Structures are given as structure tokens and as C-alpha cells.
Amino acid sequence: MTDHITRDVSRRSVLKGSTALAAGVAIGGAGSLVDQTRAWAADSPFEPEKGAKLRMLRWNRFVETEDIQFDKSMVAFTEATGIQVRLDKEFLDDIQPKAAVAANVGAGPDIIWGPMAIPHLIPDKLLDVTDVANYLGGKYGGWYESPAAYGIRDGKWMALPLCVSGNYINYRISAVQKAGFEKFPTTTADLMKLTKALKANGSPAGMALGRATGDGNAWCHWVVWAHGGKLVDKDGNVTINSPETAASLEYVKELYENWIPGTASWNDSNNNKAFLSGDVSYTNNGISIYAAAVRQKMDIAADIDHAFYPIGPVGKPTELQLPFMIEAFKYSKYPNACKLLMAFLMEGPQYNAWLEQSVGYFTQTLKDYEKNKVWTEDPKRAVFKEACTRTLDMGYAGSLGYAAAGALADFVIVDMVSQAATGQTSVKEAMETAQKRAERYYRV
Amino acid sequence: MATDAERVRAQRTESFSDRWTQLKYDHNWLGFWFMLPAAAFLLLFLTYPLGLGIWLSVTDTRIGREGGFIGLENFEWLNEDPVFWLSVFNTFLYTTVASVIKFGLGLYLAILLNSHMPWKAIIRAVVLLPFIVPTVLSAIAFWWIYDTQFSIISWTLIEMGWIDENINFLGEPNNARASVIAANIWRGIPFVAITLLAGLQTIPQSLYEAATIDGASRWQMFRHVTYPMLTPIIAVVMTFSVLFTFTDFQLIYAMTRGGPANATHLMATLSYQRAIMGGNLGEGAAISTAMIPFLLAAILFSWFGLQRRKWQQGESDD
């Protein structure tokens, strides 16, 4: 399972092998990028330590073009500043355990770019990057509130949200129209009607109900929140066992019965496969299904579009859009070099180019980058631009912290929804179990 | 006075160096010296982690944060946690069913392989294949085989007209349990079969000849010659097989992650989820520690239950 690629990002290694052409463009066309970076580094408020060397761990790409652009930026950084960066890439689900081990033993990568829960799991081990956050926020129109919350603890920034991975409804235009809907429904009531009509037409839908870290968490939280259920109130008291949650679970049960069979075993990749093969007519996902269809020039691409999650009885958007956080460890011998790299990655030239190459898979966390043309050149990406403005954070309605991170990682909400939907337990029992498990985390 | 003190000190040094020489050349101590590296190795890599695991289980340690001693609180929480008890049930079901079938099929396969047949060496090598393939790879292969939309089993059965829609292998709790058990059996049989085959080959041919002269049927030969002679090997093989199955992690983690809704969570996978993913090292360690009594019981059962010598030699028990 562990897909492990270790690469030293240096000019020589990138020039070797199959990426020679791409890298050639990077260095050649970016003679200017290197020069720019050099000038930028000289002006930067973060002066790196002499002879600094960094190790960075990032998660393995889902979208190839993003990864290539990221590597180009790293090459330019090394060229311009002389700071060697060893970049390791590993499977997304392995990043958090690695970060945990690094934090516990006090050795490992200097910088990690990975899932949202890490900063609040190991807050004491992370380098204070308030100065970087203020610098970037001041320069680029400020941070969106939700992703920023994942990086802030007690008024200090311990991590930066590099981007948010938007998760929205992916649907087949033709199937939805055939079911009698001009556009994808905007309310949960209409979504139910659509789901039943789709099933009747023999083109059912389905969302992941297995251990799907990204997709499962995204839609299960949305549906519970849309009906007014919440894991905790604003004071951190566990309130998941409530009539509102029950309503959401009854709603999911009905959805589940009208979905394609087998969604209870789906993880993050099953719905992609099922959607691309034409087996399901809507699911929830990042833009990666559409991006893959476009890249492989599949006919299905023209028939795919995206939509916001429908709004439930609470009357406002209740999405869960999770950021990817970049953080440096206190144990790093080169804290200033870490800060320099973190700032560099989010500066205009690099960030804009990278956002473009991520083709909608990532959404900006700094407001100025809304203007990036990635959102206008293909209208089917437009919904993903809003990922930071329509989301609640994973600790809703309480504060973010250890407990919220633990409950999310332990699949408390997903399990509850899945148990109730599949009829493995009654709605009441599912809520009671979730209540008990959540209390375990929120006791701290 | 000073000279006296010096003399005493000299005496002490002398006796110390004497003892040291004795230690160096004494044959009994020599054995100790030879064992020291192995003992250090065991202490460092077995006793220390085990001790640390048990210690963590009585603390509230979290990832990145030192914990304090909290007594048995973790275990009290687990005792009231339905997910934990579900994982205990799953682990027992998984271990029992998989081990029994692995033993039955493994023994059958071993007896088949022990008879004379063409291409014997190649067939024996092929039988080992499932054991050679890395667990995670075979788990991913099974994950595809069990896919709800693209399963080759569902596809074949539909093409043959036996069923109308795809089988929900991993999405329905009991199906999911059966599916992961089947994958474990596939993977575990070679170990049992090849080891028992080795055991079979140590049984002297003369015993079978004697039995034939006495007019024993094939079943009687198996029951009264093969089986008793094989018992010590069976004890060892099954102890290991039960231990491997009980502590299985990779197959489950790669295929279901314990889903759907914890229906296939084993104690090992739940421990990982709580400790590493959830950050709750203390509770995760408590789940691991809770496995120890069961494992000890399994070991003791197979050693004392299967290795009673009289029974082994075909006599009745006292």
C-alpha cells in the first residue's frame, strides 16, 4: 500500500530520466523564476541559517500536473537559495502516522505537508509560524476563516493551510436531466426526489460509506449538519445523540436504499472507478474524476458537472472542506529556512502557477488567489472556488483541537452514518455509540 | 595506620581480580558470556517494547504528549465500548474459522503432496506461492476480486446466469467477514501444508508396513499412525497459525480498514486506528495489551493440550 518515492530535488536528479523535458522547461523558461526567487529571497524577512538543508515530506499526488509544478518550484527554491531540500512523497494515509512518530521521537522531516488533523494533534511540537502567516495574510488579502482555524492554537499559528481540497457533488448531466431536473438539486428534499428518480431510471447514485477518509467524512458530516445535528455544542459538550441527528440518519437510510448496492464498502477510490465506468450518476468527490476524464480525453468528460452540496433544513451551507496543512517541527535545526520555504510556496508566482496546474483540485486559502484563471477557464471548476467560503470546520460547533481531530480520525461520524444506513444497528443505537465514543475524545 | 589501609585495599583489589579471572575462565560462566548477546537482543527488542506497550496501556499518553499513570481506566473504558467488544468478537471469529479451515485444508493438501505423483517438486513449489506474495499485494488483489462493481466473481456468475446482480462482498457485515476470512485462509494454507508435509516425511515407513501387515485400513493408518506421529508438528504449526491469524493486520487494513461500520475490525486494526490515527496511544496500547491473555491462552492450550506424550503415543489419557 505504501507508495514510497524518495527524490532529492536537485537540478541534476530532475534533469535525469523521463521528466527531463518538463524540467528543462522549468529551468530554461524559469531562468527568470530562479532569478525572481533569488531577488525575493534577498528581500524576504526570513533569513535562512547558513548551510541549511531541509527534509520535507509531502503526500503523493492525485493530480500529476500539480506534482510536476510543485517539483519545479522546489528546484527553483534550491537553485536560488542554495538550500538543499530532500523531498519525500508518501501515500496520503501514511503521512499522519509518520508525523506522529516524528513528533514523538523528535527527529524526521523538517517540514510536512499533509492532512488537516496533524497540527491540532501535535501542537506543542510545531514551530510557531505566526510571522509567516501574518506576512502572507497581509500581502495576499487575508486568510479565509475556516482553513486558518486548522492552523491556529491559542492565538498562534502552528501551521499554514497551503490549500483546501474541495469536495463536491460530481454528476452526470444527462442522467440528472433524464430524471426531470434541469440542474442538480439545491435542497436535500429535492436530492431525495432525484435519487429515487435516478434509481427508477436504472442509473443509480452512490457515495462512499466505507473507511473513506476524504469522501466519506465530507458527505457524512454534511448530511448530519444539514439536518442540525452536531457532534458537540459550542462549549464542547457532546450532543450527537439528538432528534436532529436522528432525522439526518433517517434521511441517509432512505438515500442508501436508493443507491447502488455496495457503497458501505467503498473507500476513497471506489466511487471514482464506479463513476468513470458509468455505474453511478452522482457521487461526491474532488475534481479528480473530471480531471482524469479530461486528461484521458474520455467522452464522459462532456457529461460531467459539479454542484454544491444541497442545503438542508438548517437553511445554510454545511459543507466540510478539508485543508492540507504545511507545518515545520520545533526540532528542526533550520527554523528560518523552514519559514522561508513555507513563505516561498505561497508567494504569487509559484502559488498561481501551481494553483493553475492543480486544475481545480486545490482551492486557495488566501483571498487574493480567487482571481486565478483556473476558476474561469473551465466553468465546470467554478464550484470548487467556493470551497473555503461554504465550509464549517471539522470541530463544528465546538473548537478545533485534539478531540475534534481524534474523533474525525476514529470515524465517529462516518461509522454512525454507516451503521444506521446499512441497518446494522438502529438509528438510536448508532447515535448512542457515537455519543459514547465522542465523549471519550472530548473528555480531555 | 596508612599502611594497614593500603594493605587492606591491595587485598581487596587482589581478591577482585581473582574473582574476575575466575569469571573469565569458569566454564559455567563461559556459558553465561555466550548467552549475553542473545539475552541483550531479547531484552532490547522483545522485552522492552512489550514492557513499554503494557506501561502505555495504563497511561493516558497521546501522540506528541507525555501521559500520566491512570491505572486501569483505559481498560474500564474499553469494557464499556461496544466497538472494542465487536473487535474482540471479530478477532475470535476470524481466528477460529480461519485456523480450523487452514488446518483441515492444509493437512489434506499435505497428505496429497506426500503421495507419489508426477511433477512433485514443482507442485510443492507452486503451493508455496500464496505465502511468498507480499501480504499487501495479495490483499489488493483480493480487494479487486471483492469489488462491488468490478468483481470478477460477480461478473463470472452473472455471465453464467447464476445471479442477477453483483455480490456485495465487502459492504455487508457478514459477507465482509466471510470475504476477509477466505483471503486469510488462501494466504495461510501453504504455511500449514508445507510444514505438515515436512512432518509427514519424518514418519518412518516401517510403521506403515507394520500396520499393513496388521491389516489396517487407510483410515486406521491415518488415525493410529500418521495423526499421533504428527501431533507435535501440529501443535507447533497451529500455535503459530493461531498467533499469526489473531494478530493479523495487513489483510484487513488493505481491504476494509475495519469497515463496513467496524464489522471487520480486529483488535490489531482497532488498536492502530485508535493509537496512531486517533492519537490515543494509551487506549491503543490497552487494546494490544488486551490481546496478550488470549494469545497466552492459545499457546498454553496447544502446548499442554496437544503435546501430552501418552496421547501422542497412541495411548489413552489418564
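The values are calculated or read from the model by the stated rules, or taken from the named source; none is laboratory data. What you are looking at is a predicted structure, and each value in this text was computed from that prediction instead of being measured. FYI the Cβ positions are ideal-geometry reconstructions off the backbone, even for glycines, and counts take in every protein chain you see.
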What about A:Ala159, is it under 22 Å from A:Gly214 (Cα atoms), in contact (Cβ under 8 Å) with a residue 40 or more places away in the chain and not assigned by TED's automatic domain parsing to the domain that holds A:Glu254? yes
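Does at least one position in the range B:115-128 carry a residue that is outside the structural domain of B:Asn280 (by TED's automatic domain parsing) and at positive phi? Before the answer, list the steps.
Applying the first criterion (outside the structural domain of B:Asn280 (by TED's automatic domain parsing)) to the range B:115-128 yields none.
Checking the range B:115-128: not a single residue is outside the structural domain of B:Asn280 (by TED's automatic domain parsing) and at positive phi.
A quick yes/no check of all residues on (1) surrounded by fewer than 24 Cβ atoms within 10 Å (Cβ to Cβ); (2) within 17 Å of B:Phe89 (Cα to Cα):
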{"site": "B:Thr245", "(1), (2)": "no, yes"}
{"site": "B:Gln250", "(1), (2)": "yes, no"}
{"site": "B:Tyr253", "(1), (2)": "yes, no"}
{"site": "B:Ala261", "(1), (2)": "no, yes"}
{"site": "B:His265", "(1), (2)": "no, yes"}
{"site": "B:Ser271", "(1), (2)": "no, yes"}
{"site": "B:Arg274", "(1), (2)": "no, no"}
{"site": "B:Ala298", "(1), (2)": "yes, yes"}
Check the range A:232-248 and report whether any residue there is among the polar types (S, T, N, Q), assigned to a helix (DSSP H, G or I) and either assigned by TED's automatic domain parsing to the domain that holds A:Phe308 or out of contact with any helix residue (DSSP H, G or I) (no Cβ under 9 Å at 6 or more places or on another chain) (or both). yes
For the range A:231-264, give me each residue that is of a type outside the set (A, V, I, L, M, F, W, C), crowded, with 24+ Cβ neighbours inside 10 Å and more than 14 Å from chain B (Cβ to nearest Cβ). A:Thr245, A:Ser248
For the subset of the range A:399-444 comprising residues that are part of a helix (DSSP H, G or I) and of a type in the set (Lys, Arg), which member is farthest from A:Ala247 (Cα to Cα)? A:Arg440
If you scan the range A:298-349, which residues turn out to be part of a helix (DSSP H, G or I), over 24 Å from the mean Cα position of the chain (by Cα) and over 23 Å from A:Gly137 (Cβ atoms)? A:Asp299, A:Ile300, A:Ala302, A:Asp303
Within the range B:198-211, identify whether any single residue is in contact (Cβ under 8 Å) with a residue 12 or more places away in the chain and under 20 Å from the mean Cα position of the chain (by Cα), and answer yes or no. yes
Residues within the range B:237-294 that are more than 8 Å from chain A (Cβ to nearest Cβ), touching a residue at least 24 places away in the same chain (Cβ under 8 Å) and part of a loop (DSSP other than H, G, I, E, B), tallied: 5
So A:Lys436 ticks every box in (1) closer than 15 Å to A:Gly236 by Cα; (2) more than 9 Å from every other protein chain (Cβ to nearest Cβ) but one. Which box is left unticked? (2)
Please go through the range A:28-54 and pick out each residue that is buried (at least 18 other Cβ atoms within 10 Å of the Cβ) and either outside the structural domain of A:Tyr331 (by TED's automatic domain parsing) or outside any helix (DSSP H, G or I) (or both). A:Ala30, A:Ser44, A:Phe46, A:Pro48, A:Ala52, A:Leu54
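Can you list the helices (runs of 4 or more DSSP H) found entirely within the range A:110-182 that contain at least 1 residues being of a type in the set (Gly, Ala, Ser)?
Output list reads A:130-139, A:145-149, A:173-178.
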Per the list (1) in a helix (DSSP H, G or I); (2) within 23 Å of A:His227 (Cα to Cα); (3) in contact (Cβ under 8 Å) with a residue 60 or more places away in the chain, residue check on A:Met394 breaks on (1)
Can you tell me which condition A:Glu145 does not meet? The list is (1) modelled with pLDDT of 95 or more; (2) surrounded by fewer than 24 Cβ atoms within 10 Å (Cβ to Cβ); (3) not basic (Lys, Arg), and all the others hold. (1)
Residues in the range A:265-277: is at least one more than 14 Å from every other protein chain (Cβ to nearest Cβ), without any contact (Cβ under 8 Å) to a residue 40 or more places away in the chain, on the phi < 0 side of the Ramachandran plot and under 18 Å from the mean Cα position of the chain (by Cα)? no
Looking at A:Ala100 and the list (1) farther than 17 Å from A:Gly214 by Cβ; (2) part of a strand (DSSP E or B), which single condition is not satisfied? (2)
Only one of (1) among the small types (Gly, Ala, Ser); (2) within 14 Å of another protein chain (Cβ to nearest Cβ); (3) without any contact (Cβ under 8 Å) to a residue 40 or more places away in the chain; (4) surrounded by 16 or more Cβ atoms within 10 Å (Cβ to Cβ) is not met by B:Ala216, so which one is it? (2)
Looking at (1) part of a loop (DSSP other than H, G, I, E, B); (2) crowded, with 17+ Cβ neighbours inside 10 Å; (3) more than 14 Å from chain B (Cβ to nearest Cβ); (4) on the phi < 0 side of the Ramachandran plot, can you tell me which one A:Val223 breaks? (1)
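Assess whether A:Gly151 counts as being assigned by TED's automatic domain parsing to the domain that holds A:Glu347, surrounded by 15 or more Cβ atoms within 10 Å (Cβ to Cβ), within 15 Å of the chain's Cα centre (by Cα) and touching a residue at least 12 places away in the same chain (Cβ under 8 Å). Don't jump to the end; show me each part of the working.
On the way: assigned by TED's automatic domain parsing to the domain that holds A:Glu347: yes; surrounded by 15 or more Cβ atoms within 10 Å (Cβ to Cβ): yes; within 15 Å of the chain's Cα centre (by Cα): yes; touching a residue at least 12 places away in the same chain (Cβ under 8 Å): yes.
Answer is yes for this residue.
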Note: among A:Tyr396, A:Tyr361, A:Tyr334, just one is of a type in the set (Phe, Trp, Tyr), more than 12 Å from every other protein chain (Cβ to nearest Cβ) and crowded, with 23+ Cβ neighbours inside 10 Å, namely A:Tyr361
Only one of these is more than 14 Å from chain B (Cβ to nearest Cβ) and on the phi > 0 side of the Ramachandran plot: A:Gly151, A:Gly202, A:Gly228. Name it. A:Gly228
Just to check your reading of the model, which residue among A:Thr213, A:Thr283 is within 14 Å of another protein chain (Cβ to nearest Cβ), in a loop (DSSP other than H, G, I, E, B), closer than 28 Å to A:Leu92 by Cα and among the polar types (S, T, N, Q)? A:Thr213
Quick one: would you say B:Trp85 is without any contact (Cβ under 8 Å) to a residue 60 or more places away in the chain, exposed (fewer than 13 other Cβ atoms within 10 Å of the Cβ) and closer than 30 Å to A:Asn271 by Cβ? no
